[in-house]
1. Condition check: within 14 Å of chain B (Cβ to nearest Cβ) and not small (G, A, S). Does A:V113 satisfy that?
2. Regarding the range B:117-126, can at least one residue be identified that is free of Cβ contacts under 8 Å to residues at least 60 places away in the same chain and not aliphatic (A, V, I, L, M)?
3. Give the number of residues within the range A:254-270 that are among the hydroxyl-bearing types (S, T, Y) and closer than 22 Å to A:G228 by Cβ.
4. Any idea which of (1) on the phi > 0 side of the Ramachandran plot; (2) of a type in the set (K, R); (3) modelled with pLDDT of 95 or more is the one B:K250 doesn't satisfy?
5. Show the residue pairs that are 6+ apart or on different chains and have beta-carbon atoms under 7 Å apart, the first residue being within the range B:81-109 and more than 8 Å from chain A (Cβ to nearest Cβ), the second being part of a helix (DSSP H, G or I) and open to solvent by less than 50 Å² (accessible area, probe 1.4 Å).
6. Being among the aliphatic types (A, V, I, L, M) and either open to solvent by 70 Å² or more (accessible area, probe 1.4 Å) or within 20 Å of the chain's Cα centre (by Cα) (or both), is that true of even one residue in the range B:163-172?
7. Go over the candidates A:I45, A:I70 one by one and state the one that is of a type in the set (V, I, T) and farther than 22 Å from A:N5 by Cβ.
8. Exactly one of (1) within 12 Å of another protein chain (Cβ to nearest Cβ); (2) surrounded by 19 or more Cβ atoms within 10 Å (Cβ to Cβ); (3) in contact (Cβ under 8 Å) with a residue 40 or more places away in the chain is unmet by B:K192. Its number?
There are 2 protein chains.
Amino acid sequence: MKRSNRLVALTNFFLENPRKHKQLPYFVKTLNTTKSSISEDLDIIHTVFQSEELGYLKRVTGAAGGVQYIPEYSHEKSIQFTYELCKMLEDPVRILPGGYLYMSDLLGNPKTVREIGRVFASVFSQLDIDVVMTVATKGIPLAYAVASFLDVPVVIVRRDPKVTEGSSVSINYVSGSSRRIQTMVLPKRSLKEGSNVCIIDDFMKAGGTINGMINLLNEFNANVTAIGVLAEADDEEEERVVEGYTSLVKITNVDIKQNYIEVHPGNYKDKSTRT
Amino acid sequence: MKRSNRLVALTNFFLENPRKHKQLPYFVKTLNTTKSSISEDLDIIHTVFQSEELGYLKRVTGAAGGVQYIPEYSHEKSIQFTYELCKMLEDPVRILPGGYLYMSDLLGNPKTVREIGRVFASVFSQLDIDVVMTVATKGIPLAYAVASFLDVPVVIVRRDPKVTEGSSVSINYVSGSSRRIQTMVLPKRSLKEGSNVCIIDDFMKAGGTINGMINLLNEFNANVTAIGVLAEADDEEEERVVEGYTSLVKITNVDIKQNYIEVHPGNYKDKSTRT
């Protein structure tokens with residue numbers, strides 16, 4: 001195959017298979033070329049990925065060597081995206097009765113969801129994560145977006161057990177905002193003991209739901225390796241029960257009377273990319 | 001920018017922005033080159049996309065002309081994927097009490113989910129679809145995968161209204177398998193009147209749930225443009241209440257005693273790609 005055609009085929013391969021480690025002979029064979037040509041192709045792709053801030057090709061030399069694409073936004077590009085999110089969320093049309101914010105349009109846009117996933121995957125890029133976990137319903141698309149860039153599966157915690165998932169482990173937890181006792185269920189089959197888990201959710205107030213997920217993970221002897229929430233609410237009256245999370249935006253004020261919303265970048269802004 | 005670098009950047013653009021129509025001057029400017037060079041680049045990308053069966057670049061000449069990437073698997077490639085799905089589903093370890101099939105591992109794999117989405121998007125490629133709709137919970141990742149390839153948003157029907165979504169329209173429907181009356185809710189804001197809707201779900205038995213979604217769409221004066229279900233159960237005792245759907249696989253027999261599952265390609269197999 002000619003170089004120009006190879007570059008298109010290889011770029012597609014890396015974008016469709018983030019983090020997949022492949023040895024060079026695989027490409028030599030499938031693209032019918034030489035090792036040195038592939039090596040030059042990889043240099044070109046790496047350079048463009050870097051300049052377009054899409055991440056980089058990680059190459060390992062030696063017998064077991066090969067290449068993998070690490071999708072990783074720069075800290076600056078991620079921050080820029082969080083500012084765009086803030087702007088979108090500050091639209092007063094979003095105010096709902098009770099001071100809630102309508103976010104379903106944002107979370108219903110596959111492109112926005114994918115970008116959010118890419119930012120979280122960038123933040124957690126250097127961590128050893130086996131699986132992404134979320135609780136139904138709104139966190140699900142975000143969890144898949146993060147998982148697709150980390151190349152790991154998703155497990156979904158439910159609030160009600162389903163017959164179609166077999167036996168499950170359930171816990172009770174106290175929802176931070178309503179102080180009600182709620183239930184959380186995870187099918188036994190869906191998570192291996194000792195897994196390193198990244199928890200993803202769309203929204204966090206006091207953190208009761210995320211705390212519930214942490215307790216559930218204890219039942220599976222699993223480790224909480226990372227916690228990512230799209231939006232946290234800054235509520236001084238309530239004490240936060242979760243630590244060590246990364247938030248992209250922080251909703252600091254929803255004033256129904258004045259029809260005004262204030263949203264700032266979350267704590268991610270003050271972290272460096274390499275955690 | 002040099003051709004080799006341009007090809008990587010352009011391939012990334014098309015894969016990240018399926019169906020997005022762009023005029024050539026956009027690329028001439030961002031890639032700092034000439035129109036004829038871009039035109040040659042597009043020819044190369046189109047050729048590779050076709051030979052790798054990823055779809056094609058659709059080009060329109062004239063004043064408002066431009067290019068867009070249509071992700072579309074060939075019918076053969078889609079069928080091949082459905083056979084792989086059948087094989088994965090026929091593993092007897094999946095049998096759960098009550099004759100249900102454990103599918104959460106498949107639906108928890110972002111890559112598998114993305115492939116399923118790509119196949120549905122290929123089947124519905126020539127239809128005019130404004131939005132993909134599904135019902136919580138299991139259909140959600142599939143709906144996002146389909147929507148990402150069709151470049152449209154997702155709306156999620158719930159079984160319980162949420163305060164954070166504002167006023168909503170609800171309907172009652174009879175679940176086909178349990179004959180129970182159930183409720184379905186869609187926030188008013190989430191769907192425009194007259195939208196062309198593609199319904200996606202993971203599983204269909206008699207079709208009560210999908211029928212419920214169709215009734216809900218009537219309340220929004222929306223049109224059911226397409227219906228896609230990953231797996232249908234072939235149950236001769238029950239009459240199907242939904243017509244005009246596309247299924248990827250059909251579960252024809254779950255024999256608990258013999259520990260045996262039979263799964264065949266769904267009705268998609270007998271359709272042509274261009275519907």
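The values are calculated or read from the model by the stated rules, or taken from the named source; none is laboratory data. These numbers come from a predicted model, not from an experiment. Ideal geometry is used to build each Cβ from the backbone, glycine not excepted, and the neighbour counts take in all protein chains shown. Just the protein is used for accessible areas: all its heavy atoms, side chains included, with ligands, DNA and RNA removed. Shrake-Rupley method; radii C 1.70, N 1.55, O 1.52, S 1.80 Å.
1. So A:V113 fits the description; yes.
2. Within the range B:117-126, one or more residues are free of Cβ contacts under 8 Å to residues at least 60 places away in the same chain and not aliphatic (A, V, I, L, M).
3. 1
4. Every condition holds for B:K250 apart from (1).
5. Every condition considered, the pairs that remain are B:F81/B:E115; B:F81/B:V119; B:T82/B:Y268; B:M88/B:L106; B:L106/B:T112; B:L107/B:V113; B:L107/B:P141.
6. Yes, the range B:163-172 contains a residue that is among the aliphatic types (A, V, I, L, M) and either open to solvent by 70 Å² or more (accessible area, probe 1.4 Å) or within 20 Å of the chain's Cα centre (by Cα) (or both).
7. A:I70
8. Against the list (1) within 12 Å of another protein chain (Cβ to nearest Cβ); (2) surrounded by 19 or more Cβ atoms within 10 Å (Cβ to Cβ); (3) in contact (Cβ under 8 Å) with a residue 40 or more places away in the chain, B:K192 comes up short only on (2).
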